[in-house]
1. Filter region 1-51 down to the residues that are of a type in the set (G, A, S), surrounded by 14 or more Cβ atoms within 10 Å (Cβ to Cβ) and more than 39 Å from the chain's Cα centre (by Cα) and list them by number.
2. Please go through (1) at pLDDT 90 or above; (2) closer than 15 Å to P194 by Cα; (3) not acidic (D, E) for K155 and return the number of the only condition it doesn't satisfy.
3. Restricted to region 94-106, and to residues that are surrounded by fewer than 18 Cβ atoms within 10 Å (Cβ to Cβ) and under 18 Å from I171 (Cβ atoms), which residue is modelled with the lowest pLDDT?
4. Considering K2, K45, K36, which residue is more than 30 Å from E120 (Cβ to Cβ), of a type in the set (D, E, K, R) and at pLDDT below 85?
5. Does region 119-127 contain at least one residue that is closer than 17 Å to C180 by Cβ and under 23 Å from the mean Cα position of the chain (by Cα)?
Amino acid sequence: MKHFSEALWADFVRDSVLSPSTRIAMQQHIHSGCEKCTATLQIWKSVVAIARVESAFTPPDDIVRVAKSQIAAVVPEVSSGIRLLFDSNLQPLTAGVRGSVSARQFLYETDDYCIDLRLEPRRDADRACLIGQVLNRAGKGRVAQGVAVRLQEGKSRVAETKTNQFGEFQIEFDAAKDLCVSIGADEENGIVLPLYEVHFKPVKHRNLD
């Protein structure tokens with residue numbers, strides 16, 4: 001007995017374009033009692049039924065647009081051209097320090113800067129300190145002195161400082177969410193760096209002079 005292929009049964013169930021003669025032949029084949037093709041047909045009917053149910057969970061396009069606009073209003077867009085070169089959380093820890101609380105380090109590179117960020121926990125569980133250094137990638141001096149550094153919660157500025165003569169800065173803060181660092185002369189033209197999975201809110205800051 002000649003059986004029909006999986007692809008033809010998939011098209012049969014989805015009401016895809018099949019020639020009238022092929023569709024009639026497939027129906028007659030099922031009516032003849034072919035157990036193999038009947039089982040295949042039932043499988044594809046189940047697949048199509050599941051797919052139709054899944055489509056019911058897709059939110060309407062207008063709802064998606066509203067949700068995206070609301071998120072964009074409070075969360076700054078990460079600047080383009082930024083490369084995350086290193087995140088210590090992505091590195092395996094040695095057996096002796098697994099499970100302990102340790103500092104976390106990020107190393108970013110942009111077209112203009114190399115930015116080293118180090119997040120150090122304090123004794124209080126919901127406090128931390130962000131220490132960083134900004135270096136120029138081009139020009140006469142490597143040190144980026146006097147560069148504005150802002151720690152933001154969403155789009156709200158919650159702390160600001162400037163790099164010292166060594167390009168360094170330090171900010172201490174308490175627990176919060178949606179944190180990012182903006183580096184540059186102003187917020188419009190600044191470089192926005194995400195602090196992945198870090199939830200802190202700054203309460204004081206100081207320059208490292």
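The values are calculated or read from the model by the stated rules, or taken from the named source; none is laboratory data. Being a predicted model, the structure only gives us computed values, none of them experimental. Positions of Cβ are backbone-derived with ideal geometry, glycine not excepted, and every protein chain shown enters the neighbour counts.
1. Filtering region 1-51 down to residues of a type in the set (G, A, S) leaves 5, 7, 10, 16, 19, 21, 25, 32-33, 39, 46, 49, 51.
Still in the running and surrounded by 14 or more Cβ atoms within 10 Å (Cβ to Cβ): 10, 25.
Across region 1-51, the qualifying residue is only A25.
2. Of everything listed in (1) at pLDDT 90 or above; (2) closer than 15 Å to P194 by Cα; (3) not acidic (D, E), K155 misses just condition (1).
3. The selected residue is A103.
4. The conditions single out K2.
5. Among the residues of region 119-127, at least one is closer than 17 Å to C180 by Cβ and under 23 Å from the mean Cα position of the chain (by Cα), which makes the answer yes.
A quick yes/no check of all residues on (1) over 22 Å from G81 (Cα atoms); (2) at pLDDT 75 or above; (3) assigned to a strand (DSSP E or B); (4) β-branched (V, I, T):
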site: N164; (1), (2), (3), (4): yes, yes, no, no
site: E172; (1), (2), (3), (4): yes, yes, yes, no
site: K177; (1), (2), (3), (4): yes, no, no, no
site: V181; (1), (2), (3), (4): no, yes, yes, yes
site: E197; (1), (2), (3), (4): no, no, no, no
